[in-house]
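The values are calculated or read from the model by the stated rules, or taken from the named source; none is laboratory data. Computed from a predicted structure; not experimentally measured. Cβ sites come from the backbone with ideal geometry, for glycine too, and all protein chains shown count toward neighbours. All accessible areas refer to the heavy atoms of the entire protein, side chains included, with ligands and DNA or RNA removed. Shrake-Rupley method; radii C 1.70, N 1.55, O 1.52, S 1.80 Å.
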Amino acid sequence: MKTCFLFPGQGAQYPGMGKDLWEASDGVKELFEQASEACAMDLERLLFQGSEEELKATDKTQVAVTLVNVAASRVCREKGIVPEGFAGFSLGEYTALCEAGVLEVRDLFPIVKARGELMEKASRALDTGAGTDAQAGMAAVLGMSYPDAAKVLQGLEGQDVYLANYSSPQQIVLAGTGAGLKKAEEAFKAAGCRRYVPLRVSGPFHSPLLEEARKGLEEVLAGYRFADPKGPVYANVSGKRITSGEEARQLCVRQVVSTVRWVDEEQCLLDDGFDRCLEVGPGSVLGGLWKSFSKDVPCLPAGRLEDIDKLVEG
């Protein structure tokens, strides 16, 4: 069975995530120590004792989610589940690059820490005060086709709201300033969307509003080695397979301000013959998105020890 590991991104986090993996694997314990040292953070405390609000901060979330993604992948491999391809949603793409041999694990955590800090700084510069309406962020629009959503967005041009994620045939995600998202909520509800849902993230990711973060990340990534992929790995920006380490570096830079074309990426996985996907990391968002895209190929959970053991048992 040709298996692709899918790694979730920011928004999948929850307090206590990864503790079952940590308790079950010495390799995961070593990984926690390595990541904590690389980031100068007590990640055991953050993940196992930190509050939901603390985990929501971008500069902490990105390290925390990446750590659980890698830990889940490590436990899968320890139990004999071997992937043949890799893809990740937003932040999750960095884990995919590491698993495909593009990034070394020792470099992965400093990179995502720097990325999180840059994105948090750029996001807070866009806030106009306290309260949800004053803070830049993201929101999901459910129950509306991509062409119809694109028409509504055209009417919001110049309002600091952008298409951040093409998540599924019936779901997009917007990024914008607090004021922009408020106007978008009114416009999409008037256009008949089923639901408009603010997301648990702290910035307008994958939009031109984060240009300063893009510039900063470009400088950071220039100091790291990006090797050519050792296996199939796919990009959010293009929705296609990455062909070289240098291409991966440039796509990581562009990803900060570009739409995540997840539906295109899913189609590429089907075209490349994968007949099983595993959601390797916290939460179940990617499994839900996959189900709305394809009924023929399953996407199964593999982010908790219980999930992984079920896969092993068959």
Legend entry - Those residues of the range 282-310 which are part of a helix (DSSP H, G or I), open to solvent by 20 Å² or more (accessible area, probe 1.4 Å) and either over 28 Å from Q170 (Cβ atoms) or basic (K, R) (or both), in sequence order: K291, L305, E306, D309, K310
Inset, instruction - Please enumerate the residues belonging to the range 65-81 that are open to solvent by 10 Å² or more (accessible area, probe 1.4 Å), farther than 15 Å from C98 by Cβ and not acidic (D, E). - result: K79, G80, I81
Legend entry - One residue from S145, S123 being buried (at least 19 other Cβ atoms within 10 Å of the Cβ), within 21 Å of L174 (Cβ to Cβ) and among the polar types (S, T, N, Q): S123
Inset, instruction - Determine whether the range 49-64 contains at least one residue that is open to solvent by less than 30 Å² (accessible area, probe 1.4 Å), in contact (Cβ under 8 Å) with a residue 12 or more places away in the chain and in contact with a Cys (Cβ under 8 Å, 6 or more places away or on another chain). - result: yes
Legend entry - Conditions (1) of a type in the set (S, T, Y); (2) modelled with pLDDT under 95; (3) within 14 Å of the chain's Cα centre (by Cα); number of the one not met by S123: (3)
Legend entry - Members of the range 241-276 found to be hydrophobic (A, V, I, L, M, F, W, C), farther than 18 Å from Y166 by Cβ and touching a strand residue (DSSP E or B) at 6+ places or on another chain (Cβ under 8 Å), listed by number: I242, A248, F274
Inset, instruction - Could you list all residues from the range 127-145 that are over 20 Å from the mean Cα position of the chain (by Cα) and at pLDDT 90 or above? - result: G143, M144, S145
Inset, instruction - Take K56 and decide whether it is out of contact with any helix residue (DSSP H, G or I) (no Cβ under 9 Å at 6 or more places or on another chain), within 25 Å of A213 (Cα to Cα) and basic (K, R). - result: yes
Inset, instruction - Residues being modelled with pLDDT of 95 or more and on the phi < 0 side of the Ramachandran plot: count how many of those fall in the range 50-81. - result: 18
Inset, instruction - With the checklist (1) farther than 20 Å from S90 by Cα; (2) at pLDDT below 95; (3) open to solvent by less than 40 Å² (accessible area, probe 1.4 Å) in hand, flag the one item V152 doesn't pass. - result: (2)
Inset, instruction - For the range 85-120, name all the residues that are open to solvent by less than 30 Å² (accessible area, probe 1.4 Å), touching a Gly at 6+ places or on another chain (Cβ under 6 Å) and not small (G, A, S). - result: F89, L91, T95, V102, M119
Inset, instruction - Output yes when any residue across the range 30-44 is over 25 Å from L118 (Cα atoms) and modelled with pLDDT of 95 or more, and no when none is. - result: yes
Inset, instruction - Keeping to the range 188-220, report how many residues are under 16 Å from Y162 (Cβ atoms) and either of a type in the set (D, E) or surrounded by 17 or more Cβ atoms within 10 Å (Cβ to Cβ) (or both). - result: 15
Legend entry - One residue from D26, D20 being out of contact with any Phe, Trp or Tyr (no Cβ under 7 Å at 6 or more places or on another chain) and open to solvent by 60 Å² or more (accessible area, probe 1.4 Å): D26
Legend entry - Candidate set: the range 271-281, residues that are of a type outside the set (A, V, I, L, M, F, W, C) and assigned to a strand (DSSP E or B); chosen: the one farthest from P83 (Cα to Cα): E279
Legend entry - Total residues in the range 208-241, condition of a type in the set (K, R) and touching a Phe, Trp or Tyr at 6+ places or on another chain (Cβ under 9 Å): 2
